Amino acid sequence: MKAKDRNSRDTRWLYRLEDTTLRYNSFANADRPMAFLREFAERVWAAEAPAGRRKPTITADYGTLHNGRAYSYCEGFTKIVLARSQRNVLVLLHELTHALGPCVHGPKFIRLYFRLLRRWAGYHRWFLETVAAERGIAL
């Protein structure tokens, strides 16, 4: 399978997972004020980022439109934009995962993202291991 097709398939799988299975964590999915999210990101970044890596700015904006829906995004490694409907810990951790390095939603991204979800959002290890294993990804 071509890399572009695999990346597109992995992205669709991850977005579907976030919209269905991962949405049942009340801490990760609660709407949060930007001040909370910026402070939370500061703690995550201090603990997870390689030494010397500059923390991305985190801004509130409209996001980017796709099929009539606004999505948050990470621009390069320097800026995270949180759309109004996606100001929560789950989306912030997703975008911080991009800022930490893995640009595409492949196995490397999933391993780091799931580690952040476990450590910072309270998802259970066995749950994330099971979800990853169904996709053929070892955590």
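Read-outs: derived from the displayed coordinates by stated rules, not from any lab. Since this is a predicted model, take the numbers as computed values, not measurements. Methodologically, a virtual Cβ is constructed for each residue, glycine included, from the backbone with ideal geometry; neighbour enumeration extends over all protein chains shown.
The alpha carbon centroids of region 98-125 and region 10-39 are separated by 12 Å. Distances between placed amide hydrogens fall under 5 Å for Tyr71 paired with Thr64, Leu65, His66, all partners being 5 or more residues away or on another chain.
Tally Lys and Arg at +1 and Asp and Glu at -1 over the other residues with C-beta under 11 Å from the C-beta of Arg38: what net charge comes out? Present the calculation step by step, with values, prior to reporting the outcome.
Values: positive: Arg32, Arg43, Lys55, Arg87; negative: Glu39, Glu42.
Computed value for this residue: +2.
Using a 10 Å cut-off around each Cβ, can you sort Glu134, Glu129 from fewest to most neighbouring Cβ atoms? Walk me through the numbers on the way to the answer.
Values: Glu134 10, Glu129 15.
In increasing order of surrounding Cβ atoms, one gets Glu134, Glu129.
Contact order normalised by length for the chain, with contacts defined as Cα pairs under 8 Å and 6 or more residues apart; what percent is it? Please report the intermediate quantities before stating the final value.
Details: 150 pairs, mean separation 29.9, N = 139.
Value for the chain: 22 percent.
Calculate how many DSSP beta bridges within region 3-134 are antiparallel, expressed in % of all such bridges and rounded to the nearest 5. If you can, show how the numbers build up before the last one.
Working: 6 of 11 bridges.
Restricted to region 3-134, the bridges split so that about 55 percent are antiparallel.
In sequence order, region 124-139 has phi-based couplings of 6, 4, 4, 5, 5, 4, 5, 4, 5, 4, 4, 9, x, 10, 8, 8 Hz under the Karplus curve 6.51 cos²θ - 1.76 cosθ + 1.60, θ = phi - 60°, and Gly or Pro positions carry x.
Within the shell of other residues whose beta carbon sits under 10 angstrom from the beta carbon of Phe114, the net charge comes to +4, with Lys and Arg scored +1 and Asp and Glu -1.
How do the peptides 84-97, 18-31, 109-122, 37-50 rank, highest first, by the average count of neighbouring beta carbon atoms within 10 Å per residue? Display every interim value, and only then the final one.
Details: 84-97: 21.4, 18-31: 13.4, 109-122: 19.1, 37-50: 15.1.
Sorting 84-97, 18-31, 109-122, 37-50 by mean packing, highest first, produces 84-97, 109-122, 37-50, 18-31.
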